[in-house]
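Written out below as structure tokens is the structure these notes cover.
Derivation of every value follows stated rules applied to the coordinates shown; laboratory data play no part. No experiment lies behind these values; they were computed from the predicted model shown. Cβ placement follows ideal geometry from the backbone for every residue including glycine, while neighbour counts extend to all protein chains displayed.
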């Protein structure tokens with residue numbers, strides 16, 4: 001989905017998942033309210049049947065919207081989540097770069113730990 005479609009989906013309960021490595025987040029910034037789950041942890045942290053899943057992953061009905069830097073890795077990640085049964089999984093076309101180019105909310109990187117539970121949804125763009 002486009003960055004603007006993804007942003008709108010957040011108000012309907014979608015979960016934005018940042019799969020970029022720490023170095024990319026540190027250099028480029030982040031999207032407030034997104035959940036950080038680096039790509040190599042994605043399937044076992046978002047699989048509702050896995051004992052190592054994130055606490056908020058309680059079923060297969062979640063609307064998971066993954067993003068990477070440019071939208072390539074996230075396309076493969078969304079397909080992997082769909083293979084797990086998360087049929088609502090999708091990704092942001094163009095990734096973080098397209099999100100920021102669209103003028104959507106982002107912030108300089110913080111020192112947050114990967115796999116945090118999501119906070120409030122990002123504020124609407126000005």
Fill in the blank from the handout: So, with points 7 Å from each Cα along the Cβ direction, the residue 40-residue 5 label distance in nm works out to 3.2
Completion exercise
the chain: antiparallel bridges as % of DSSP beta bridges, rounded to 5, reads 10
Exercise for the section: Fewest Cβ neighbours within 10 Å first, please rank 50, 68 accordingly. Expected result: 50, 68
Completion exercise
Least to most buried among 2, 100, 73, 58, by other C-beta atoms within 10 Å and fewest first, runs 58, 2, 100, 73
Completion exercise
Expressed in nanometres to one decimal, the distance between label points 7 Å along Cα→Cβ at residue 83 and residue 109 is 2.8
Fill in the blank from the handout: Binned at 10 Å from zero, the C-alpha pair distances of the chain give percents of 14, 51, 32, 3, 0
Problem - Burial ordering of 18, 91, fewest other beta-carbon atoms within 10 Å first - result: 18, 91
Problem - For the chain: relative contact order, % (alpha-carbon pairs under 8 angstrom, 6 or more apart) - result: 35
Problem - Helical contribution to [θ] at 222 nm, DSSP H n ≥ 4, -39,500 (n - 2.57), averaged over the chain, rounded to 500 - result: -8000 deg cm²/dmol
Handout entry: Linear extension gain, residue 72 paired with residue 52, 0.36 nm per residue minus alpha-carbon span
Key = 4.6 nm
Problem - Rounded tilt (10° steps) of 73-83 against the dominant C-alpha axis of the chain - result: 30
